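A quick write-up on the structure given underneath.
Throughout, read-outs are computed from the coordinates displayed, never taken from laboratory work. Just so it is clear, the model here is predicted, and its values are computed rather than measured. Methodologically, a virtual Cβ is constructed for each residue, glycine included, from the backbone with ideal geometry; neighbour enumeration extends over all protein chains shown.
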Amino acid sequence: MRSSKIAALVPQQGAMCLLDEVVSFDDRSVVCRTASHRSPGNPLRCDGRLPAIAGIEYGAQAMAVHGALHADQAAQGGLLAGARAVRCRARYLDDEPGPLTVRAERLVLDGGRLLYSFVIEGANAELVSGRIAVVLTARAAG
């Protein structure tokens, strides 16, 4: 699945839609790939650099894609409720010359609450990891 189809699944649009490709997914997890961290137009850049903490947004978008690919979550939107145990093993994501792999795994689906773990890797090294909690909301009709 390529970026134009991903944009149809997530609320983020234009340059804010950070994922380029869904490599694989199953009932519990999704693997995505992107090169948006190298783009000078990446809207998460600060002073011309993309801080590693921006990886939380990459993980959240992988979660959104995974949820949209499943009937139990596809009819709902969500609000990021928190990020925990976030570990940045790099200072900047744009130092990575190749594509990033973004992995998200659903740990909990409990009514209107989701908890996912995420890992962002580049060139066989883990750059950012953590857990993200989301509260599901009903999407507005129309």
* Asked: What are the ³J(HN,Hα) values, in whole Hz, obtained from phi via the Karplus relation 6.51 cos²θ - 1.76 cosθ + 1.60 with θ = phi - 60°, for each residue of segment 116-131 in sequence order, with x given for Gly and Pro?
  -> 10, 9, 9, 9, 10, 10, x, 6, 6, 10, 6, 9, 8, 8, x, 10
* Structure fact -> Check: C-alpha center segment 92-118 vs C-alpha center segment 1-62, spacing in Å is 10
* **Label of the coordinate-derived value, Rg and Dmax of the Cα atoms in Å, listed as (i) 15.9, 53; (ii) 14.2, 43; (iii) 18.0, 58** => (ii)
* Asked: In degrees from 0 to 90, rounded to the nearest 10, what is the angle of the helix 55-68 Cα long axis to the longest principal axis of the chain?
  -> 30
* Asked: Applying the Karplus parametrisation 6.51 cos²θ - 1.76 cosθ + 1.60 with θ = phi - 60° to the phi angles of segment 46-53, what ³J(HN,Hα) value in whole Hz is obtained for each residue in order, glycine and proline being reported as x?
  -> 10, 6, x, 10, 10, x, 4, 4
* To do: Multiply the residue separation of residue 137 and residue 46 by 0.36 nm, subtract the distance between their alpha-carbon atoms, and state the gained length in nm to one decimal.
  => 29.7 nm
* Asked: So what J values fall out for segment 7-18 if you push phi through Karplus, 6.51 cos²θ - 1.76 cosθ + 1.60 with θ = phi - 60°, rounded to Hz, Gly and Pro as x?
  -> 4, 6, 9, 10, x, 6, 10, x, 5, 6, 7, 8
* Asked: Highest mean first, what order results for 114-122, 33-41 on Cβ atoms within 10 Å?
  -> 114-122, 33-41
* Write down the Kirkwood hydrodynamic radius of segment 49-130, to one decimal in angstroms, obtained as one divided by the mean of 1/r over all alpha carbon pairs. => 13.3
